[in-house]
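Shown next, in structure tokens, is the structure this report addresses.
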Amino acid sequence: DQLKGLQDILRNPKQRGVLGEYYLETVLKNVLPPGSYQMQYGFEDGSLVDAVVFIKDKIVPVDSKFSLENYERILATNDPAERERLEKMFKQDLKTRIDETSKYIKPAERTMDFAFMFIPSEAIYYDLLINKVGAVQVSTQDLIEYAFKEKHVIIVSPTSFLAYLQTVLQGLRALQIEESAKEIRKNVEALKKHLINYEDYVKKMGTQLGTLVGTYNTGYKELKKIDKDIVRIAGGDGAIEPMVLERPQEEEDF
């Protein structure tokens, strides 16, 4: 019953689309950290892509496509003429899905110059890679080249998408390290600037202290002269001994 229910879901295009989006979200959730992706991302023209992955200030669109009706019909028919007709329809289905996915490449809205077309079926993806559809020889390699070279669309299955996401994840970690390094360099440069300013102020203070000490010593000498005058007038010994302070010495740079 469960298998029959799954088959019924896969026959319904709308339910199959929901299932494809569920697979896509599951893959994203299992690999990427929260906040690095978003489901059902809206663009300015009102279009919605199934998901996007955020890489720094850029966006990678990911659309889930699941063309299955004509694929199943190809496998079910024994009529060569009907099979040929269905093969052409299947290829057109895929081409249409590729074209739809490419519409989400919007550099003006910060997307990367490529998009992922997520096929939730490993079987269909495998058939695309080996240039076959089931037991029928139908050229699909040109579709993969068309997607990548002309439309900048990368076709992925759940397994291959995992590999791409691992690469994206490593890139995110590298960006975080780079940002941390930039922040450290920025703070070190600010600290260096503050130290230079501090050194300037200390030098100025030393100069001012030197002037103050010189003034103090001169004043004390004048006080000693006054003391001598008092001794000459009143007699006795002088009561004041000048206390001379040393000026601050500038240290030489090593």
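Overview of results
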read-out	value
Residue within the stretch 225-246 that is under 30 Å from Gly35 (Cα atoms), at pLDDT 65 or above and either surrounded by 10 or more Cβ atoms within 10 Å (Cβ to Cβ) or of a type outside the set (Ser, Thr, Tyr) (or both) present	no
Filter result for Asp142 (surrounded by fewer than 19 Cβ atoms within 10 Å (Cβ to Cβ), in a helix (DSSP H, G or I) and at pLDDT below 75)	yes
Selection within the stretch 28-60 - among the hydrophobic types (A, V, I, L, M, F, W, C) and out of contact with any Leu (no Cβ under 9 Å at 6 or more places or on another chain)	Phe43, Leu48, Val49, Val52, Ile59, Val60
Qualifying positions in the stretch 2-33 - exposed (fewer than 11 other Cβ atoms within 10 Å of the Cβ), modelled with pLDDT of 85 or more and under 20 Å from Ser157 (Cα atoms)	Asn30
Pairs where the first residue, in the stretch 156-168, is under 15 Å from Glu21 (Cβ atoms) and in contact (Cβ under 8 Å) with a residue 40 or more places away in the chain and the second is part of a helix (DSSP H, G or I) and of a type in the set (A, V, I, L, M), C-beta under 6 Å, 6+ apart	Pro158/Val27; Phe161/Val27
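Yes or no, residue by residue, for (1) under 27 Å from Arg173 (Cβ atoms); (2) buried (at least 19 other Cβ atoms within 10 Å of the Cβ); (3) free of Cβ contacts under 8 Å to residues at least 40 places away in the same chain:
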| residue | (1), (2), (3) |
| --- | --- |
| Gly35 | yes, no, yes |
| Tyr41 | yes, yes, yes |
| Gly46 | no, no, yes |
| Asp50 | yes, yes, no |
| Lys56 | yes, no, no |
| Val62 | yes, yes, no |
| Lys88 | no, no, yes |
| Lys106 | yes, no, no |
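The values are calculated or read from the model by the stated rules, or taken from the named source; none is laboratory data. These numbers come from a predicted model, not from an experiment. So basically every Cβ, Gly included, is an ideal-geometry build from the backbone, and we count neighbours across all protein chains shown.
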